[in-house]
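A short reminder: the numbers here are calculations on the coordinates, not readings from a lab. All of these numbers come straight from a predicted model, not from anything done at the bench. Every residue, glycine among them, receives a Cβ derived from its backbone with ideal geometry; neighbour counts consider all protein chains shown.
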């Protein structure tokens, strides 16, 4: 695999209801976007080094649903799902993100579950062949924002971003 930059994602808190994650990639935005939205590529980076992504469903259209399932290294499953609200290819995604309670089956998930869910606005900005990925997480309040921050998400997210960059760089060699 190609080497990644030594950069880390930066987390800031623009307001009591927001988390902003930014990370620079040594790859053009169309390749970062492709790695971010192609099921077989998401399967490779979503779990970072915390397990194996076992299921990736992406219906990449406004109103379309997505769902990712990880079997963590400890053997338990973790799943997330949401709905795409806005899609501008290679530029921007707006989508909800719901952490599923353990034991939830795909057949039990529907759009009603997204009520009050965080909304992620993901932007891909390119300068001189390098991409800045920004993820603005809009929550319903400070308590939810702080719960997300306290979940340990940063460690896994840093790993995800490193693997995502490796994949985007490797796509340039294809």
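Tabulated values for the structure
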read-out: Value of [θ]222 nm, deg cm²/dmol, for the chain, DSSP H segments ≥ 4, -39500 (n - 2.57) each, nearest 500; value: -7500 deg cm²/dmol
read-out: Sequence of 154, 174, 165 once ranked by neighbouring C-beta atoms within 10 Å, starting from the fewest; value: 174, 154, 165
read-out: Estimated FRET transfer efficiency (residue 142, residue 172; beta-carbon r; R0 41 Å; 0.05); value: 0.50
read-out: Extension reserve of the residue 80-residue 38 stretch, reckoned as 0.36 nm per residue once the Cα distance is removed; value: 13.5 nm
read-out: Sorted by Cβ density within 10 Å, fewest first, the residues 84, 68; value: 84, 68
read-out: Gap separating the Cα centres of the stretch 156-174 and the stretch 1-72, nearest whole Å; value: 9
read-out: Tilt relative to the chain, helix 153-172 - C-alpha long axis, 0 to 90 degrees, to 10; value: 40
read-out: Convex hull volume of the chain per residue (C-alpha atoms, cubic angstrom); value: 115
read-out: Fraction of the pair-distance distribution of the stretch 1-93 above 22 Å, Cα-Cα pairs, percent; value: 41
